[in-house]
Amino acid sequence: MSRRLLALLLALSAPSWAAETKAPSPSKAITSVVRFSAPKGWRPEEYSNGADPVFAFVSGEDRIVVRTFGGPGSAYADPAAFLTGASASTMGRPPEKAGEATVAGHRTTLYRRGFPVNLGDPHIPSGRQQVLGREVFVVLPPRKGRFAVLSYARESPAPDLERAGEKAWEAFLKTVKSPGRKT
């Protein structure tokens, strides 16, 4: 009798348990903080880093990424925490200022950082200096406790002589809007 009761209780609790653990899609969580248009011809990706949703556009070695932070369980509670954290640093060094841009109606600072690019087998010691890719990013002001970080990264040490990725990034920034705000 106790097995039947246990099976019945498990069956009844399964639908409510599934509903409690289903998280909103990353794109829905992001568009509540920031809106944007996709660069033409770039492949979209969406995923979450723990509690922090991510939406990315990829073209070859180039990535344009939108991340939001500041929600429950987020890696970063506010923009100051992000700017002093690992996601904004170059192997522990703070990000460099790289100019300014107008994004979603706000004049904001552009930052630059480097990140390790994996070239070759990571299990074979080479003695070479670590090769770094480059990333430029902006941190948008918080909206309802959450804030967005928009970035462009080139995951190759080789420069893009035609600047196709940088041009797409510049065009992308012009499409960014804050929901509920006219820009």
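The values are calculated or read from the model by the stated rules, or taken from the named source; none is laboratory data. Since this is a predicted model, take the numbers as computed values, not measurements. Every residue, glycine as well, gets a Cβ built from its backbone with ideal geometry; the counts of neighbours run over all protein chains shown. Side chains included, ligands, DNA and RNA excluded: accessible areas come from the protein's heavy atoms. Shrake-Rupley method; radii C 1.70, N 1.55, O 1.52, S 1.80 Å.
Can you say whether Ala81 is open to solvent by less than 20 Å² (accessible area, probe 1.4 Å) and without any contact (Cβ under 8 Å) to a residue 24 or more places away in the chain, as far as the supplied structure shows?
Numbers: open to solvent by less than 20 Å² (accessible area, probe 1.4 Å): no; without any contact (Cβ under 8 Å) to a residue 24 or more places away in the chain: yes.
Here the answer is no, as Ala81 does not meet what is asked.
Hey, can you tell me all the residues within the range 129-150 that are open to solvent by 40 Å² or more (accessible area, probe 1.4 Å), without any contact (Cβ under 8 Å) to a residue 40 or more places away in the chain and either closer than 21 Å to Thr175 by Cβ or part of a loop (DSSP other than H, G, I, E, B) (or both)?
Applying the first criterion (open to solvent by 40 Å² or more (accessible area, probe 1.4 Å)) to the range 129-150 yields 129-132, 134, 141-146.
When the remaining residues are screened for being without any contact (Cβ under 8 Å) to a residue 40 or more places away in the chain, the result is 129-131, 134.
Gln129, Gln130, Val131 - these are the residues of the range 129-150 that are open to solvent by 40 Å² or more (accessible area, probe 1.4 Å), without any contact (Cβ under 8 Å) to a residue 40 or more places away in the chain and either closer than 21 Å to Thr175 by Cβ or part of a loop (DSSP other than H, G, I, E, B) (or both).
So Leu110 clears everything in (1) open to solvent by less than 40 Å² (accessible area, probe 1.4 Å); (2) at pLDDT below 95 except one condition, right? Which one?
Evaluating Leu110 over (1) open to solvent by less than 40 Å² (accessible area, probe 1.4 Å); (2) at pLDDT below 95 leaves (2) as the failure.
Among (1) surrounded by 12 or more Cβ atoms within 10 Å (Cβ to Cβ); (2) in contact with an Asp or Glu (Cβ under 9 Å, 6 or more places away or on another chain), there is one condition Asp52 misses while meeting the rest; what is its number?
(2)
Identify, please: which residue in the range 88-97 is at pLDDT below 95 and not in a loop (DSSP other than H, G, I, E, B) and is, among those, surrounded by the most Cβ atoms within 10 Å (Cβ to Cβ)?
Checking each candidate, the answer is Thr90.
Quick one: Pro44 ticks every box in (1) more than 22 Å from Val176 (Cα to Cα); (2) within 16 Å of the chain's Cα centre (by Cα); (3) not charged (D, E, K, R) except a single one, so which number is it?
(1) is the only condition that Pro44 fails.
Considering only residues that are in contact with a strand residue (DSSP E or B) (Cβ under 7 Å, 6 or more places away or on another chain) and open to solvent by 40 Å² or more (accessible area, probe 1.4 Å), which ones fall in the range 60-77? Lay out the reasoning, then the answer.
Start the filter on the range 60-77 by keeping residues that are in contact with a strand residue (DSSP E or B) (Cβ under 7 Å, 6 or more places away or on another chain), which leaves 61-71, 74-76.
Glu61, Ala75, listed by residue number.
Given the conditions (1) open to solvent by 20 Å² or more (accessible area, probe 1.4 Å); (2) modelled with pLDDT of 90 or more, which single one is not true for Pro157?
(2)
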